[in-house]
Amino acid sequence: MTKAYHKPLLLTLKDLYEDNIIYNSRPSYEDNPWLKAEEDQSNFLTARELVISKMPMIIHEACLTKRIEDLLNLVGEKVPDNIHRFKDKESYEQLIQQLTNKRNKIFFQYIHGEHLCDKDDYAIYKPKFIDLNNKSKLSQWTKGKYLPRRECVSVKEYEEEIKNWELPLVLKPGDELPTAGGYGVMICYTEDDLKKANQRIKEATETEHIIIEQFIEEVDNYCVQYVYSEDTGIQYIGAVKQLTDDYGFYNGNVNSDEVPQSVIDAGYEIMQNGVDYGYKGVSGFDLLIDKEGKIYAIDLNFRQNGSTSMLLLKNRLKDGFHKFLSYHAKGDNEHFYKVIEKYVEGGHLYPLSFFDGDWFGKNKVNARFAGIWHAETESKALQLEQKFLSELYDE
């Protein structure tokens, strides 16, 4: 164990919320056409903020086995004792109702149905939380600035309105249903892409509005992050560059120490607007810069982000290059774990969470792991990751 792991966190989620707030990052079990995470992935998400939270959390039991205890021990951490556990849909929904009946409030990463809890049971009043994360309301939180050309139309009007746009373009759901990992964003370069997007829109019968948006040829893609509480005020905690494919699907983040002040200032303005509306907690805003240096806000997330842990753990990581990513096993969970353990012991892979597939029975479910690569240089970190991947999958 290196000395660096004994350094305190820059901030924890507990510093932002009252004692009766419980953190929950699981999507609802209810169907959502724009958030198609499978059940195991959704349960894996429940422990992503385990290290940075220090506040009560709702976590699936498969994320709390001896394997994560041993990995965290290697970096001087332990599984907190203020965890609320569940194992399936029934126990999950019962747990939420039990907790809210005892006058706790929950910080939901994703909205849940009214049959589970009242709008006042949200740490951020539910109607306000929906407004803050509704993609059709970006102009409200940017005060009309930093926006690409965009139009929000009803599904009934969509087929006619899309004829007025040229490719490439971007389509997004324009309602309160949450999205994640780029799944709800449809980047259309070709007529074939547009045809596939049109089919998805037709199948999403719950969606009433669609956003048609200008495609921005980006030079840089930042996620700038901020926190707010009455005690901390608004603080900029850093930025990451997002790794996405040509169609916007999320592939992790890397740290970014050189962020234009104009981007940081734009994000601060947006955070202030959200705070004025009643938001408290962590936010991450996706801001693009085009070749002319113009800033565009393409997505605003008034909630924790995948890379928030990487920013709040900066003190514990090696100075240099940091990369957040998750991995999953391919049939041999013991081998998967042993390779991860080796690299965590080596001091360049910081563990965040481990979904132990063997909790369901030997190799019945693939294990999953989220962590941070950290090394003095990008080349060294990526070299280590490639070696790790070859050991993980090339047996």
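Numerical summary
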quantity: Where the stretch 124-176 is the region considered: accessible area per residue in Å², 1.4 Å probe; calculated: 51
quantity: The chain: angle of helix 333-345 to the longest principal axis, Cα-based, in degrees nearest 10; calculated: 80
quantity: Amide H contacts of Ser353 (H built 1.01 Å from N, under 5 Å, at least 5 apart or other chain); calculated: Ala370
quantity: log10 of Debye I(q)/I(0), alpha-carbon scatterers only, for the stretch 188-238 at 0.20 Å⁻¹; calculated: -0.82
quantity: Compactness of the stretch 55-131 as Cα Rg over 2.2 N^0.38 Å, two decimals; calculated: 1.27
quantity: Using alpha-carbon coordinates, inclination of helix 191-203 to the longest axis of the chain, degrees; calculated: 80
quantity: Of the GluC sites (Glu not before Pro) in the stretch 91-183, those whose Cβ has at most 11 other Cβ within 10 Å and which sit in DSSP loop; calculated: Glu114, Glu166
quantity: Subset of Lys105/Lys156; Lys89/Lys196; Lys7/Lys323; Lys323/Lys387; Lys7/Lys66; Lys143/Lys172 violating a 26 Å alpha-carbon distance limit; calculated: Lys105/Lys156; Lys89/Lys196
quantity: Cα point-scatterer Debye curve for the stretch 250-388, base-10 log of I(q)/I(0) at q = 0.12, 0.16, 0.21 Å⁻¹; calculated: -0.62, -0.94, -1.23
quantity: Ranking by accessible area, most exposed first, for Lys156, Lys7, Lys280, Lys202 with a 1.4 Å probe; calculated: Lys156, Lys202, Lys7, Lys280
quantity: For the stretch 329-395 and the stretch 154-168, distance of Cα centres in Å; calculated: 44
quantity: Å² per residue, accessible surface of the stretch 202-326 at 1.4 Å; calculated: 41
quantity: Per DSSP, loop trypsin sites (Lys or Arg not before Pro) in the stretch 288-321 with at most 14 further Cβ within 10 Å; calculated: Lys291, Lys294
quantity: Kirkwood Rh, Cα atoms: Rg over Rh of the stretch 353-395; calculated: 1.11
quantity: Accessible-area composition of the stretch 81-195, carbon plus sulfur, in percent [1.4 Å probe]; calculated: 44
quantity: Cα-based Kirkwood hydrodynamic radius, the stretch 136-219, one decimal, Å; calculated: 13.3
quantity: Nonlocal amide H pairs with Ala367, under 5 Å, H built at 1.01 Å; calculated: Ala329, Gly331, Gly357
quantity: In order through the stretch 272-285: 3J(HN,Hα) via Karplus (6.51 cos²θ - 1.76 cosθ + 1.60), integer Hz, x for Gly, Pro; calculated: 4, 5, x, 4, 4, 8, x, 7, 9, x, 9, 9, x, 10
quantity: Helix axis angle, 378-393 relative to the chain longest principal axis, alpha carbon, degrees; calculated: 70
quantity: The stretch 184-241: GluC sites (Glu not before Pro) falling in loop per DSSP and having at most 10 other Cβ within 10 Å; calculated: Glu217, Glu230
quantity: For Ile22, distant residues with modelled amide H under 5 Å away; calculated: Lys105, Ile106, Phe107
quantity: Per-selection Rg to Rh, the chain - Cα, Kirkwood hydrodynamic radius; calculated: 0.95
quantity: Solvent exposure, largest accessible area first (probe 1.4 Å, DNA, RNA and ligands not counted), of Ile68, Ile130; calculated: Ile130, Ile68
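The values are calculated or read from the model by the stated rules, or taken from the named source; none is laboratory data. Please read all numbers here as calculations on a predicted model, not as lab measurements. FYI the Cβ positions are ideal-geometry reconstructions off the backbone, even for glycines, and counts take in every protein chain you see. Heavy atoms of the whole protein, side chains included, go into the accessibility calculation; ligands, DNA and RNA do not. Shrake-Rupley method; radii C 1.70, N 1.55, O 1.52, S 1.80 Å.
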